1. Can you list residue pairs whose Cβ atoms sit under 7 Å apart, with the first residue in region 68-81 being under 14 Å from residue 93 (Cβ atoms) and the second being among the aliphatic types (A, V, I, L, M) and loosely packed, with under 11 Cβ neighbours inside 10 Å? Count only pairs 6 or more apart in sequence or on different chains.
2. Quick one: in region 81-102, which of the residues that are over 15 Å from the mean Cα position of the chain (by Cα) and farther than 21 Å from residue 48 by Cα is surrounded by the most Cβ atoms within 10 Å (Cβ to Cβ)?
3. Assess whether residue 108 counts as being over 16 Å from the mean Cα position of the chain (by Cα) and either among the charged types (D, E, K, R) or under 19 Å from residue 40 (Cα atoms) (or both).
4. Take residue 105 and tell me if it is surrounded by 14 or more Cβ atoms within 10 Å (Cβ to Cβ) and at pLDDT 95 or above.
5. When the residues of region 3-26 are narrowed to those that are β-branched (Val, Ile, Thr) and surrounded by 12 or more Cβ atoms within 10 Å (Cβ to Cβ), which ends up modelled with the lowest pLDDT?
Amino acid sequence: MTDAVAPDTRRHSAETAKTMDDVRYEVDRLDRALVALLVERQSFMDAAARIKGDRSRIHDRERIEDVIAKVVEEAARQGLSPSIAEPVWRKLIDRCIAYEFEAFDALKPGRDSV
């Protein structure tokens, strides 16, 4: 497993960036940090696939809506546009569920498959 976030080697903030090279440098730095966080999140999809006893428990509509509600609330608190937060997390959850199905099937071939 990786550390959640790579060290911050920031050269600029959004307010101090003066060129598109400055902006691109920081966007690339943030993308690397996001990848590290997604790797950690994915590792918990592997754990869920290992822990869940049957495949039918992977897609949990109530949990999805709970996660979305928490994300939208946190996004508002931190100033992230809801037009970014909600669709990004819905897609992330969708892809994580698909990944978890694959992980479950790899760990438990033929068990509770549809």
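The values are calculated or read from the model by the stated rules, or taken from the named source; none is laboratory data. Quick caveat: nothing in here was measured; it's all calculated off a predicted structure. Methodologically, a virtual Cβ is constructed for each residue, glycine included, from the backbone with ideal geometry; neighbour enumeration extends over all protein chains shown.
1. none
2. Looking only at region 81-102, we keep the residues that are over 15 Å from the mean Cα position of the chain (by Cα), and these are 81-83, 101-102.
Those left that are additionally farther than 21 Å from residue 48 by Cα: 81-83.
On the way: 81: 9, 82: 12, 83: 9.
That would be 82.
3. Numbers: over 16 Å from the mean Cα position of the chain (by Cα): yes; either among the charged types (D, E, K, R) or under 19 Å from residue 40 (Cα atoms) (or both): yes.
Judged against the criteria, residue 108 is a match.
4. Values: surrounded by 14 or more Cβ atoms within 10 Å (Cβ to Cβ): yes; at pLDDT 95 or above: yes.
For residue 105, the condition - surrounded by 14 or more Cβ atoms within 10 Å (Cβ to Cβ) and at pLDDT 95 or above - is met.
5. At the first step, the residues of region 3-26 found to be β-branched (Val, Ile, Thr) are 5, 9, 16, 19, 23.
If we keep only those that are surrounded by 12 or more Cβ atoms within 10 Å (Cβ to Cβ) as well, we get 5, 23.
Working: 5: 60, 23: 96.
Only one residue fits best here, namely 5.
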